[in-house]
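What follows is a set of notes on a single structure, which appears directly below.
FYI, it's all coordinate maths here, none of it is from the lab. Computed from a prediction, not measured in an experiment: that's the story for all the values here. Ideal geometry is used to build each Cβ from the backbone, glycine not excepted, and the neighbour counts take in all protein chains shown.
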Amino acid sequence: MPPRPTTYLVVGGGISGLAAAEEITRRDPAARVTLLEVADRVGGKLRGEPVAGRTLDVGAEAFLMRRPEASDLVGRAGLAGDLVHPSGAPAQVWSRGTVHPLPRRTLMGVPADPGSLRGLLTPAEVDRVRAELTPRLEAEDCDVASLVSDRLGAAVTERLVEPLLGGVYAGHARLLSARAALPSCSRWRAAGARCWRPSTPCSPRPTTARRPVRPPRSSGPCAAACTASRPPWSRSCATAASPSSPRPWSASCTRWTREATRW
């Protein structure tokens with residue numbers, strides 16, 4: 001008598017749940033996997049919305065290519081041919097009705113040189129950055145907005161830090177932990193050191209240093225994303241996780257109950 005297949009229950013149909021379900025079925029093709037998702041779709045924070053006639057990502061829009069896990073998952077979902085990579089265009093900031101180049105040598109928007117902010121910030125705002133306040137606070141942590149605004153002024157938070165944090169963490173500076181999002185800045189906050197001096201350990205190193213520059217680990221692109229030419233790749237991952245016997249994906253879980261050897 002053949003052994004009974006192992007039964008798995010995955011709670012949550014976000015990218016983590018989908019990746020877990022796909023991993024289970026890949027390692028154990030005979031497994032029976034049920035995935036519970038309270039929403040009417042899979043993907044969690046990864047989703048697309050129509051903007052000006054085009055479908056754009058409103059969650060994470062790309063993934064790093066330095067590690068193979070995400071790109072391998074996309075390949076197993078049958079979307080390797082839909083991968084696109086960012087262009088070499090420099091980063092820019094839209095502020096006060098015009099486009100400004102992102103100042104060089106910034107740490108998540110925190111500048112190493114106030115002079116690089118001319119044009120993007122007003123003269124008064126640049127002077128506020130130069131006159132950085134360095135209170136040594138007793139609390140172990142605070143939100144990013146409080147850390148940056150109290151030291152460098154609200155303009156740095158609003159014009160530089162907030163746009164970058166929104167793109168990286170999909171969150172707001174006033175709601176993100178400084179220790180989690182800007183650990184280097186938290187260290188000079190604890191020490192009462194200035195953040196914008198080039199000699200500060202957490203500041204980006206000068207790009208004109210005479211030391212030899214190490215070659216990149218890979219000559220390929222550092223990031224990739226899926227185009228919208230096919231259904232959302234979260235749905236493709238769902239199909240890859242259950243290729244032989246699709247099961248209902250939507251269910252609301254309100255309580256766990258233990259019954260003998262099962263839940």
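Observations
- Contact order normalised by residue count of the range 105-191, Cα under 8 Å, 6+ apart, percent: 33
- For trypsin sites (Lys or Arg not before Pro), the sites in the range 58-100 that DSSP calls loop and that have at most 15 other Cβ atoms within 10 Å are Arg66, Arg96.
- Put simply, when 42-51, 148-157 are sorted by average Cβ atoms within 10 angstrom per residue, most first, you get 148-157, 42-51.
- Each part gets one Cα centre, and for the range 1-63 versus the range 146-175 those centres are 32 Å apart.
- Assigned charges on the beta-carbon of Lys, Arg, Asp, Glu; the range 105-191 dipole about Cα centre (debye): 200
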